[in-house]
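The values are calculated or read from the model by the stated rules, or taken from the named source; none is laboratory data. This one's a predicted model, so the numbers in the text were calculated from it and none came from an experiment. Backbone-built Cβ (ideal geometry, glycine too); neighbour counts: all protein chains shown.
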Amino acid sequence: MQENRLKAKGIFLDLDGTLVDSTDTYLKAAEIAFKAIGKLPPAGNVALEIPRRVEQRLPLDDLTEGRTKRFMPIYLGAYYALTETKSKLLPNVCQTLRALSNRHKLALITMRHVPNHVVQKELDYLGISKFFTYVVTGLDTPKPKPSPEALIKCVEALDVDMVDCIIAGDSVNDIRAGKAAGAKTVAVLSGLFLREELAAESPDLILPDVTSLPDYVE
């Protein structure tokens, strides 16, 4: 366990799939949006392909039968509305954040295209806002992950050097953003992406979930 420990002053954490279990919210948002365009909701594994593709900016027309322009505003609106009251932390995340914040400066980076105060409100609701020095949403930078821009804003806010920082997240874009910025990268398997997909990005560590992180950073 100790041989791959990473030194860090700042840690940047993703939200959906890393701290929060978003599966039910993704599925409900898909159900609402498909019904709105007159289609039956697909099976769960197909519905979960939507956020994977959205994050990577991949086409959805094969899933929406060419109705993506109508589908996406409904889907995203439903998803963001649901997260305000339906979000739930993955197990033991609060304890993990407490342990990390005792030794490191923490920032949150999410690709959600919502105002910063909306995410702050959700963090308050979840009881974890106190652990974060800084929060960046998809609206706070011209280019969200995998661009390094959000990480650059974080190092400035936390007053640390990028080489002394780690980004931990469940998606390929988290790893790509970290590498583009020059930060250390940790992939977690608690979200939508498979181990082989994350391993292909060559992160410094792959962990089952974020609760393992305190054992690997110093």
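Would it be correct to say that residue 136 is in contact with a helix residue (DSSP H, G or I) (Cβ under 6 Å, 6 or more places away or on another chain) and over 22 Å from residue 95 (Cβ atoms)? First the steps, then the outcome.
Numbers: in contact with a helix residue (DSSP H, G or I) (Cβ under 6 Å, 6 or more places away or on another chain): yes; over 22 Å from residue 95 (Cβ atoms): yes.
For residue 136, the condition - in contact with a helix residue (DSSP H, G or I) (Cβ under 6 Å, 6 or more places away or on another chain) and over 22 Å from residue 95 (Cβ atoms) - is met.
Could you grab me the full set of residues in the range 175-190 that are out of contact with any Pro (no Cβ under 7 Å at 6 or more places or on another chain) and within 15 Å of residue 8 (Cβ to Cβ)?
Once the filter is applied, which keeps residues that are out of contact with any Pro (no Cβ under 7 Å at 6 or more places or on another chain) and within 15 Å of residue 8 (Cβ to Cβ), the range 175-190 yields 178, 182, 183, 184.
Can you find a residue in the range 133-146 that is at pLDDT 95 or above and assigned to a helix (DSSP H, G or I)?
no
Which count do you get for residues in the range 14-24 that are assigned to a helix (DSSP H, G or I) and either crowded, with 23+ Cβ neighbours inside 10 Å or in contact with a His (Cβ under 6 Å, 6 or more places away or on another chain) (or both)? First the steps, then the outcome.
Initially, the range 14-24 is screened for residues assigned to a helix (DSSP H, G or I), giving 23-24.
Next, from what is left, pick out any that are either crowded, with 23+ Cβ neighbours inside 10 Å or in contact with a His (Cβ under 6 Å, 6 or more places away or on another chain) (or both): none.
Final tally of qualifying residues: 0.
I'd like the full set of residues that are under 15 Å from the mean Cα position of the chain (by Cα) and among the polar types (S, T, N, Q), limited to the range 87-110.
Once the filter is applied, which keeps residues that are under 15 Å from the mean Cα position of the chain (by Cα) and among the polar types (S, T, N, Q), the range 87-110 yields 87, 110.
Does any residue of the range 163-177 turn out to be crowded, with 20+ Cβ neighbours inside 10 Å and polar (S, T, N, Q)?
Yes, the range 163-177 has at least one match.
Any idea which residue in the range 183-199 is surrounded by the fewest Cβ atoms within 10 Å (Cβ to Cβ), counting only those that are farther than 18 Å from residue 57 by Cα and either among the charged types (D, E, K, R) or in contact (Cβ under 8 Å) with a residue 24 or more places away in the chain (or both)?
It comes out as 196.
Could you please give the count of residues in the range 147-165 that are in a helix (DSSP H, G or I) and either farther than 18 Å from residue 113 by Cα or in contact with a strand residue (DSSP E or B) (Cβ under 7 Å, 6 or more places away or on another chain) (or both)? Full working, then the answer.
So in the range 147-165, the residues in a helix (DSSP H, G or I) come out as 149-158, 162-164.
Imposing the further condition that a residue be either farther than 18 Å from residue 113 by Cα or in contact with a strand residue (DSSP E or B) (Cβ under 7 Å, 6 or more places away or on another chain) (or both) reduces the set to 150-158, 162-164.
Going through the range 147-165 one residue at a time, the tally reaches 12.
For residue 40, work out the one condition from (1) under 30 Å from residue 131 (Cβ atoms); (2) outside any helix (DSSP H, G or I) it doesn't fulfil.
(1)
Is at least one residue of the range 69-84 out of contact with any Cys (no Cβ under 9 Å at 6 or more places or on another chain), surrounded by fewer than 18 Cβ atoms within 10 Å (Cβ to Cβ), among the polar types (S, T, N, Q) and within 26 Å of residue 132 (Cβ to Cβ)?
For the range 69-84, residues out of contact with any Cys (no Cβ under 9 Å at 6 or more places or on another chain), surrounded by fewer than 18 Cβ atoms within 10 Å (Cβ to Cβ), among the polar types (S, T, N, Q) and within 26 Å of residue 132 (Cβ to Cβ): absent.
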